[in-house]
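Taking it in order: structure first as structure tokens, then the write-up.
Values quoted throughout were computed directly from the atomic coordinates according to the rules given, and no laboratory measurement underlies them. Fair warning: this is a prediction, and the values are worked out from it, not measured in the lab. Here the Cβ is made from the backbone with ideal geometry for all residues, glycine too, and neighbour counts use every protein chain on show.
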Protein chains: 2
Amino acid sequence: MTPTITAFESSPDRGRGLARDMRVRWAFEEVGQRYDVRLVSFAQMKQPAHLAVHPFGQIPTYEEGGLALFESGAIVLHIAERHPGLLPEDPDARSRAIGWMFAAVNTVEPPIVERSMAGVLERDEPWYEARLPMLDERIRARLGQLSDRLGDSDWLDGAFSAADIMMVTVLRRLDGSGLLEAHPSLPAYIARGEARPAYQRAFADQLAVFARAQAAG
Amino acid sequence: MTPTITAFESSPDRGRGLARDMRVRWAFEEVGQRYDVRLVSFAQMKQPAHLAVHPFGQIPTYEEGGLALFESGAIVLHIAERHPGLLPEDPDARSRAIGWMFAAVNTVEPPIVERSMAGVLERDEPWYEARLPMLDERIRARLGQLSDRLGDSDWLDGAFSAADIMMVTVLRRLDGSGLLEAHPSLPAYIARGEARPAYQRAFADQLAVFARAQAAG
């Protein structure tokens, strides 16, 4: 059975691949699993039919037969557990890779999302400019620690894994912020991810959704 | 081999069980696995020996033989995968439980941490009072969605699982905020978790650490 995921009908990132369906698309492409995409509007995301699959009204979701999942990290892990190639076979290395998946969404991503949200929701507030250096500093601290650990390794822990899918897509959200450049190993790490054929196929597919929405709109 | 975790030498929560080692202690108690605890000071957490285990300089960590893990969600999942009782045996139900573990740390916890951090880092800033209703509203939205999904179920998805360990401990961080009370199913859910003997043993053990630190200090 072909799984179906959800993605934005018209992504606010204008096709830059920053929405969380990109992680899932990339994982599917790495393992060679076909998938269908159901596009949802912002209005649909808050309606009962979508909330039945995603209680918090977001994308992506994953449906296959009777199984419905939400949370991009959980979906990527689900794909990685059912296909070879995205998790190490050694049990300890596998646990470490899953640890990095949690680190990506729980330790690295939150201050990045916080900065993005402030830019959308608080840009006109009198405190926005005063708070921005504090938000940047929280991200810089995480990037410094991540860069220290990555060193001159190609990937987070040995071979490329689902952890790198999560971390590269989290870091890409800083594109244009100017924060990555202080740690040259991080843009190089992102570039290694983006150079993978599976990434490029996934990116093209999500960009095509946006291009069609633009043409229709 | 007995695993060793790390916890705060002197927890800033004053023994209320809000630090992230509580999740791991609770999981160990549920499955009946003995464990050792190594206490670390805030200064030690930023030193190379600790950063070698936790690149972001936090607690908890998990060490067993040659394996070192960090991220509370990943550690609880590791324990749940190696002992019966914390994850459903049905593969679909297991994937859903892991999905809820990600939701706890990636969707529910970030706005809660954000509010706590503002209370510590920005309490004296001129914008603190003006921003607080916005921070509260973000949490309220999540709590409403979580409460809608939980309904009158005892646990998130069928039987008690590692997902409930994560979600209950995340929600407990709102203790004293007044935000939980609008959704009576949530305090009741937390209370069901706290009533479990394994929770109580874990809570007593982390409280004893704080009590000893107080007596010594």
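A compact table of results
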| read-out | value |
| --- | --- |
| B:Glu81-A:Glu129 FRET efficiency (beta carbon distance; Förster radius 45 Å; 0.05 resolution) | 0.45 |
| Exam field: A:Met134 pseudo-label spacings to other copies (7 Å along Cα-Cβ), nanometres | 1.2 |
| Nm distances between copies for A:Leu51, ranked from closest, using label points 7 Å along Cα→Cβ | 4.6 |
| HN-Hα J in Hz across the range B:107-121 - Karplus 6.51, -1.76, 1.60, θ = phi - 60°, x for Gly and Pro | 10, 8, 6, x, x, 6, 5, 4, 5, 5, 5, 4, x, 8, 8 |
| Bridge type composition, the protein assembly as shown - antiparallel percent by DSSP, nearest 5 | 55 percent |
| Estimated distance in nm for a label pair at B:Phe42 and A:Arg212, the labels positioned 7 Å out from Cα along Cα-to-Cβ | 5.3 nm |
| For the range B:1-22 and the range A:175-213, distance of Cα centres in Å | 38 Å |
| Whole-Å distance, taken between Cα centres, linking the range A:46-67 and the range B:95-144 | 22 Å |
| Along principal axes, Cα extents of chain A, largest first, whole Å | 48, 47, 30 |
| Neighbour-count ranking [beta-carbon atoms within 10 angstrom, fewest first] of A:Ile75, A:Ile190 | A:Ile190, A:Ile75 |
| Label 7 Å beyond Cα on the Cβ vector: A:Arg82 copy-to-copy distances, nm | 2.7 |
| Gaussian network model of chain B, springs between alpha carbon atoms under 10 Å - residue of B:Ala68, B:Ala195, B:Ala93 with greatest fluctuation | B:Ala195 |
| ³J(HN,Hα) computed for each position of the range B:203-209 - Karplus, 6.51 cos²θ - 1.76 cosθ + 1.60, integer Hz, glycine/proline x | 4, 4, 5, 6, 5, 4, 4 |
| Of A:Ala202, A:Ala182, A:Ala49, the one that fluctuates the most in a GNM where chain A has Cα springs shorter than 10 Å | A:Ala49 |
| Efficiency of FRET from Cβ geometry, A:Asp152 and B:Gln200, R₀ 30 Å, rounded to 0.05 | 0.05 |
| Proportion of all alpha-carbon pairs of the protein assembly as shown beyond 44 Å (%) | 6 percent |
| Highest-fluctuation residue, B:Arg23, B:Arg192, B:Arg149 considered, GNM on chain B with Cα pairs under 10 Å | B:Arg149 |
| Stokes-Einstein D in µm²/s, Kirkwood radius over Cα pairs - the range B:91-196 at 25 °C with 0.890 mPa s viscosity | 170 µm²/s |
| DSSP-defined antiparallel bridges as percent of all bridges, chain B, nearest 5 | 55 percent |
| Exposure proxy order (Cβ contacts within 10 Å, fewest to most) of B:Phe56, A:Phe210, B:Phe42 | B:Phe42, B:Phe56, A:Phe210 |
| Highest to lowest packing among A:135-144, A:120-129, B:5-14, scored as the average C-beta count within 10 Å | B:5-14, A:135-144, A:120-129 |
